[in-house]
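*Asks:* Before anything else, here's the structure in question.
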Amino acid sequence: MSNEVYEIPQSMRGRLPVKLLYVTKAKYDKDWHSTNHTHHFTELLYITKGKGTFVFSKEEIPVKEHDVIVINPNVEHTEKSCPEQPLEYIAFGILGLAFSSPDDPGAQVTFLNFKQDQEIYLFFLQQLMEEVEKQKEDYELIIQNIVEMILLRMMRKKVFHLEKTSSKKISKDVAFIKNYIKLYFREDINLDTLAEVGHMNKYYLAHSFKKSVGVSPIEYLIQTRIRESKILLETTNYPISDIATITGFSSQSFFAQSFKRVTNQSPTQYRNAKNAMKNKGKKTKSKK
């Protein structure tokens with residue numbers, strides 16, 4: 001019989017100064033478009049399937065399976081999915097840390113690929129999703145520990161540095177609701193819905209959300225739907241009524257009313273103006 005005992009030395013390092021805000025699993029479908037948005041915290045996306053592009057600062061970076069994208073606080077960004085191979089990813093938001101690359105210290109977005117280590121990272125991420133979905137006893141402690149394990153294993157690769165952030169804080173509740181709206185803005189959502197999924201009083205939600213974000217949860221939902229509708233108006237020939245339905249508005253008239261209030265144009269005026277700009281650009285190129 002052999003018996004090996006490994007003594008574990010006491011680490012001088014404390015726990016990572018990071019707070020997990022939310023975890024989400026997303027899958028693009030035919031009509032899905034992510035809209036430009038920012039976070040007051042750091043977000044990590046692990047692409048589990050498909051391919052597309054990540055858009056930020058007027059750049060479009062191709063991304064694929066097992067790519068990891070780390071977005072620092074206050075960076076406006078969005079994702080575009082390849083129609084033939086729709087993107088699927090698991091993402092989580094963390095408060096307290098930002099990432100910097102030793103090769104490019106000023107970079108606000110870091111791109112990594114974990115194909116060689118996919119088994120261990122996918123295992124951690126699947127455990128993370130299982131815990132948040134089942135929410136058994138002490139799951140909050142377990143998911144916090146899993147996130148720290150993911151970050152510590154990433155740090156072993158020495159491809160980035162972690163820095164404490166002093167950015168504007170956003171509560172866990174508000175971060176969850178913002179991300180829920182980003183994912184489900186097409187659905188039939190009202191304040192009661194948001195309060196129910198967030199497990200909070202709707203009056204507390206309305207007050208804390210407006211205090212943190214500057215607008216009410218419903219106004220934020222409408223603005224998100226308007227941003228999505230702009231993309232469809234510019235890039236498709238869908239009828240206005242279809243775009244209203246796709247983006248979650250209850251009626252074409254409410255869509256038109258909301259769109260005019262936010263943009264000072266009707267949906268038709270906006271589409272015509274964008275088409276006119278495109279045609280003008282084409283004529284300029286042809287003359288050259």
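Every number here is computed from the coordinates shown, using simple stated rules; none is lab data. Note that the structure is predicted; figures quoted are calculated from it, not measured. FYI the Cβ positions are ideal-geometry reconstructions off the backbone, even for glycines, and counts take in every protein chain you see.
*Asks:* By how many nm would the segment from residue 117 to residue 250 lengthen if fully extended, with 0.36 nm per residue of separation less the alpha-carbon distance?
*Replies:* Working it through step by step, the gained length comes to 43.4 nm.
*Asks:* Sticking with this structure for a sec: Just the Cα atoms of the chain, one point each, no solvent: what log10 I(q)/I(0) does Debye give at q = 0.08, 0.14, 0.15, 0.16 Å⁻¹?
*Replies:* -0.41, -1.15, -1.29, -1.42
*Asks:* From the phi of every residue in the range 45-62, what ³J(HN,Hα) in whole Hz does the Karplus formula 6.51 cos²θ - 1.76 cosθ + 1.60 yield, where θ is phi - 60° and glycine or proline is x?
*Replies:* Here the 3J(HN,Hα) series is 10, 10, 7, 8, 6, x, 8, x, 9, 10, 10, 7, 6, 6, 10, 10, 9, x Hz.
*Asks:* Something else: Listed highest first by mean packing, meaning other Cβ atoms within 10 Å per residue, what order do 119-126, 272-279, 72-79, 85-92 come in? Working shown, then result.
*Replies:* Working: 119-126: 14.9, 272-279: 11.8, 72-79: 17.9, 85-92: 19.9.
Going by the mean number of other Cβ atoms within 10 Å, highest first, we get 85-92, 72-79, 119-126, 272-279.
*Asks:* Follow-up. With θ set to phi - 60° and the Karplus curve 6.51 cos²θ - 1.76 cosθ + 1.60, what are the ³J(HN,Hα) couplings of the range 71-85 in order, to the nearest whole Hz, using x for Gly and Pro?
*Replies:* 10, 6, x, 6, 9, 6, 7, 7, 10, 10, 9, 6, x, 6, 10
*Asks:* Distance check, please: which entries in 178/274; 178/210; 134/172; 210/230; 25/178; 49/134 exceed 21 angstrom between their Cα atoms?
*Replies:* 178/274; 210/230; 49/134
*Asks:* Can you tell me the 0 to 90 degree angle between the C-alpha axis of helix 118-134 and the longest principal axis of the chain, rounded to 10?
*Replies:* 70
*Asks:* Tell me the angle of helix 139-156 to the major Cα principal axis of the chain, expressed in degrees between 0 and 90 and rounded to the nearest ten.
*Replies:* Taking the Cα atoms of the chain, the angle to 139-156 is about 80 degrees.
*Asks:* For the range 10-100, what percent of Cα pairs sit more than 19 Å apart?
*Replies:* 42
*Asks:* Amide H neighbours of residue 75 under 5 Å, counting only residues 5+ apart in sequence or on other chains, H built in-plane at 1.01 Å?
*Replies:* HN-HN under 5 Å from residue 75: 39.
*Asks:* Please compute the contact order of the chain in relative form: average sequence separation of alpha-carbon pairs under 8 Å and at least six residues apart, divided by the residue count, as a percent.
*Replies:* Numbers: 397 pairs, mean separation 46.9, N = 288.
Here the relative contact order equals 16 percent.
*Asks:* Given the rule -39500 (n - 2.57) for each run of at least 4 DSSP H residues, summed and divided by the residues of the chain, what is its mean residue ellipticity at 222 nm, to the nearest 500 deg cm²/dmol?
*Replies:* After summing the helix terms and dividing by the residues of the chain, the value is -14000 deg cm²/dmol.
*Asks:* Mind pulling the per residue volume of the convex hull built on the Cα atoms of the range 96-243? Å³ is fine.
*Replies:* In the range 96-243, the Cα hull volume divided by residue count equals 183 Å³.
*Asks:* Which whole-number percent gives the relative contact order of the range 188-250, counting Cα pairs below 8 Å spaced six or more residues apart?
*Replies:* Answer for the range 188-250 is 26 percent.
*Asks:* Counting pairs of Cα atoms in the range 33-151, how many percent are more than 26 Å apart?
*Replies:* Roughly 21 percent, rounded to a whole number.
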